[in-house]
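First comes the structure, then the notes that go with it.
Read-outs throughout are calculated quantities, based only on the coordinates presented, and are distinct from any laboratory measurement. Fair warning: this is a prediction, and the values are worked out from it, not measured in the lab. Cβ placement follows ideal geometry from the backbone for every residue including glycine, while neighbour counts extend to all protein chains displayed.
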Amino acid sequence: MWKTLRYYWIAARGYRLQPWNSPYLQWRFETFLGKEAAHLDARKFLQLTWKYRENLRRFADWSAQRRRVMRSRA
């Protein structure tokens, strides 16, 4: 769960209280879900986040792993 919150904190920068307005998060959702994620509002964002929570958790785990690898190379 901490990995997911950390990813959210980084990805939603500037839009932390309204993540559905974040251009980056909109792009991520549209890339992953296609038309289902078009025209995000608060309700739709929360519904999709809950529906695909397992996939989002796996993505956050993967991104945390990539971050660790990049840090170890520096």
Name the aspartates and glutamates eligible as straight-distance cross-link partners of K51: C-alpha to C-alpha under 14 Å, and not fewer than 8 places from it in the same chain.
E36
Return a whole-number percent for the relative contact order of the chain, with Cα pairs under 8 Å and 6 or more residues apart as the contact set.
34
Simple SL model, points at 7 angstrom along Cα→Cβ for I10 and K35; separation in nm is 3.4
Of (1) 1.33; (2) 0.99; (3) 1.14, the label for Rg/Rh (Cα atoms, Kirkwood Rh) derived from the coordinates:
(2)
Whole Å is fine, so just give me how far the alpha carbon centre of the stretch 41-56 lies from that of the stretch 23-38.
11
Fluctuation leader among A60, A12, A42 - the chain, Gaussian network, Cα springs under 10 angstrom:
A42
